[in-house]
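First up is the structure itself, then whatever we jot down about it.
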Amino acid sequence: MTRTDMPPAWDERTQLTTFLDYVRATARDKCEDLSAEDARKALLPDSPLMTLSGLINHLRWVEYYWFRVVFLGEEDEGPWTDEDPDREMRIAVDLPLSQLLAEYAEESARHNELIAAHDLDTGARRKQSDGRAVDLRWILLHLIEETARHNGHLDILRELADGRTGV
């Protein structure tokens, strides 16, 4: 499948979902043909949790949190704890990158179904700390921003790991 940010239609939903799928695919492509060892390396001396595996797992769990916990109001069963709020980054180095990528793809597909089933103006069930509920549109925009920002981190880490650029 060719990665593209050009939507097949120009309505708002299609544009938003195309961009989210594009940044997701970019994150996965940054890990293509990456060795297991390089996926687990913390290459930035002051950021021991910043690994390619950790970032992929983080992206998977960030989507889970915003779609399932905030939007749908489900119980938060993410890997983080009060004592270890970045646990999804930490545990990723103990899992095969292929598993992390598969889980991310599965969650993304599940979330695409959720997006298709709701109006963009639908408010989240879980309110923010100020008492307001974000809507599905805001969640999509936030996840595009979050994933794109981490794609920059993945790009740097990939170049540091094995010199590969331009993915």
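The values are calculated or read from the model by the stated rules, or taken from the named source; none is laboratory data. Bear in mind the structure is a predicted one, so any value in this text is a computation, not a measurement. For neighbour counting, all protein chains shown are included, and Cβ atoms are generated from backbone atoms with ideal geometry for every residue, glycine included. Remember, those area values only see protein heavy atoms, side chains included, never the ligands or the DNA or RNA. Shrake-Rupley method; radii C 1.70, N 1.55, O 1.52, S 1.80 Å.
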(request) Please work out how much length the chain gains when fully extended from LEU141 to GLU83, using 0.36 nm per residue of separation minus the C-alpha to C-alpha distance, in nm with one decimal. (result) 17.9 nm
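As a check on your grasp of the helix formula, calculate [θ] at 222 nm for the chain: sum -39500 (n - 2.57) over DSSP H runs of n ≥ 4, divide by the residue count, round to the nearest 500. Could you put the intermediate results ahead of the total?
Values: 6 runs with 88 residues, N = 167.
Rounded to the nearest 500, it is -17000 deg cm²/dmol.
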(message) Given a Förster distance of 25 Å, report the FRET efficiency between HIS118 and THR4 from their Cβ-Cβ distance, rounded to the nearest 0.05.
(response) 0.55
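Using only the Cα atoms of region 67-148, build the gyration tensor, take square roots of its eigenvalues as a ≥ b ≥ c, and label the shape rounded, prolate or oblate: rounded if a/c is under 1.5, else prolate if a/b is larger than b/c, else oblate. Please report the intermediate quantities before stating the final value.
Numbers: a/c = 2.21, a/b = 1.41, b/c = 1.57.
Cα axes put region 67-148 in the oblate bin.
What FRET efficiency comes out for the pair THR14/LEU72, r = Cβ-Cβ distance, R0 = 30 Å, nearest 0.05?
Working: r = 22 Å, r/R0 = 0.75.
It comes to 0.85.
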(request) Report which label in (i) 1.21; (ii) 1.05; (iii) 0.97 holds the value of Cα Rg over 2.2 N^0.38 Å derived from the coordinates of this structure. (result) (ii)
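Let's see if you can work this out: charge +1 on each Lys and Arg Cβ, -1 on each Asp and Glu Cβ, no other charges. What is the dipole magnitude of the chain about its Cα centre, in debye to the nearest 20? Please report the intermediate quantities before stating the final value.
On the way: 20 positive and 34 negative charges, 46 e Å.
So the magnitude is around 220 debye.
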(request) For ASP135, list long-range residues whose amide hydrogen, built 1.01 Å from N in the peptide plane, is under 5 Å from its own amide hydrogen. (result) ALA124
(request) Once you have the Cα-Cα distance between GLU103 and ASP29, take 0.36 nm times their residue separation minus that, and quote the gain in nm to one decimal. (result) 25.1 nm
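Express in nm, to one decimal, how much length is gained between LYS127 and GLU159 on full extension, taking 0.36 nm for each residue of separation and deducting their alpha carbon distance.
Working: separation 32, 0.36 × 32 = 11.52 nm, distance 3.94 nm.
Between LYS127 and GLU159, full extension yields an extra 7.6 nm.
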(request) Tell me the GluC sites (Glu not before Pro) within region 1-105 that lie in a loop according to DSSP and have at most 14 other beta-carbon atoms within 10 Å. (result) GLU32, GLU74, GLU75, GLU77, GLU83
(message) For the chain, take the longest principal axis of its alpha carbons; what is the angle in degrees between that and the long axis of helix 12-29, to the nearest 10 within 0 to 90?
(response) 20 degrees
(request) Could you look at the chain and say what percent of its accessible area is carbon and sulfur, using a 1.4 Å probe and all protein chains? (result) 50 percent
